[in-house]
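**Student:** Below you'll find the structure I mean.
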Amino acid sequence: MPTAPWYVEAFTEAYLDVYAHRDAAGGEREARGTLNLLRYHGAQGRLLDLCSGAGRHARAFRLLRCPVTCLDLSPQLVLKSAALGLPTVRADMRALPFADQAFAAVACLFSSFGYFDTDEQHLAVLREVSRVLRPGAAALFDLMDPQTVRYKLKVQDVEQAAGRIVEVERALVDGGRRVEKQIRVYRDGSATQSWHESVRLFTLDEFEALAVRARLRLEGAWGDYDGRPHLPGETRQIVVLRRPVAA
């Protein structure tokens, strides 16, 4: 019997436990940086938090006076986001349930792009982002830099906290085009939960080529939310794409 895609099975409450170090303070820092790099403020209109998870960044956007809509595929994380009073929709990022030109900005944070098996599916995401953006509006994508992952990859991590042990194994596959994780959670010496993650790594040139096909223009790439330069092999890729005013 075929199993569900990894991104359907991975994002549960256990996922939040593993990434508990991604806290509210970090979310606020990243949200402020996102708004600066987008050159966006709340008076321009609504921002779409794409793959919003439990609402960590959306809560920070709201505190920064930005009207925000959350979208995620995980039933568990959508419930947590909605419980914070955030407007939240459960849907697939390849088929956004919004009208054309509905948003003044889009943010896709925490390496949430690259989940699918083919680049045509990733292109479908960018085409949907382009469709729901207003002319002249921008989208920000927080991507892993392939060279940085290759140079700094930790093959294994073990963390102990709150009566549990989390073991993470990482590997580059598909000629270095994807990074995969196997995560296992142990309690009382027994494995209680495990899941797999697999994310496509895009060079800036590869990502720009997809963006062009989606009628989005590369505006810039930065190494972090504070606007430092993007240095392949040393930093992340924080990429801003803008929808041209005229088609």
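The values are calculated or read from the model by the stated rules, or taken from the named source; none is laboratory data. Values in this document were obtained by computation on a predicted structure and should not be read as measured data. Every residue, glycine as well, gets a Cβ built from its backbone with ideal geometry; the counts of neighbours run over all protein chains shown. SASA here: full protein model, heavy atoms, side chains in, ligands and nucleic acids out. Shrake-Rupley method; radii C 1.70, N 1.55, O 1.52, S 1.80 Å.
**Student:** Defining a contact as two alpha carbons under 8 Å apart and six or more residues distant in sequence, what relative contact order in percent does region 66-200 show?
**Tutor:** 17 percent
**Student:** Roughly how many Å is it from the Cα centre of region 130-193 to that of region 47-92, as a whole number?
**Tutor:** Taking the Cα centre of each part, region 130-193 and region 47-92 sit 21 Å apart.
**Student:** Mean residue ellipticity at 222 nm from the helices of the chain, using -39,500 (n - 2.57) per DSSP H segment of n ≥ 4 over the full residue count, to the nearest 500 deg cm²/dmol?
**Tutor:** -8500 deg cm²/dmol
**Student:** Can you tell me the accessible area per residue over the chain, all protein chains present, probe 1.4 angstrom, in square angstrom? Please list the in-between numbers first.
**Tutor:** Details: 11870 Å² over 247 residues.
That works out to 48 Å² for each residue.
**Student:** Hey, another quick one. Assuming R0 = 30 Å, what is the FRET efficiency of Glu169 and Asp226, from their Cβ-Cβ distance, to the nearest 0.05?
**Tutor:** Working: r = 31 Å, r/R0 = 1.03.
Efficiency, from the Cβ-Cβ distance: 0.45.
**Student:** Evaluate Rg over Rh across region 1-112, taking Cα atoms for both radii and Kirkwood's formula for Rh. Numbers along the way, then the final one.
**Tutor:** Numbers: Rg = 13.9 Å, Rh = 14.4 Å.
Value, to two decimals: 0.97.
**Student:** Follow-up. What does the C-alpha gyration tensor say about the overall shape of the chain? Classify as rounded when a/c is under 1.5, otherwise prolate if a/b is larger than b/c, or oblate. The partial results should precede the final answer.
**Tutor:** Details: a/c = 1.61, a/b = 1.34, b/c = 1.20.
Since a/c reaches 1.5 and a/b is larger than b/c, the shape of the chain is classed as prolate.
**Student:** Which FRET efficiency value, to the nearest 0.05, is calculated for Ala4 and Ala246 with the Förster distance at 30 angstrom and r the Cβ-Cβ distance?
**Tutor:** For R0 = 30 Å, the calculated efficiency reads 0.10.
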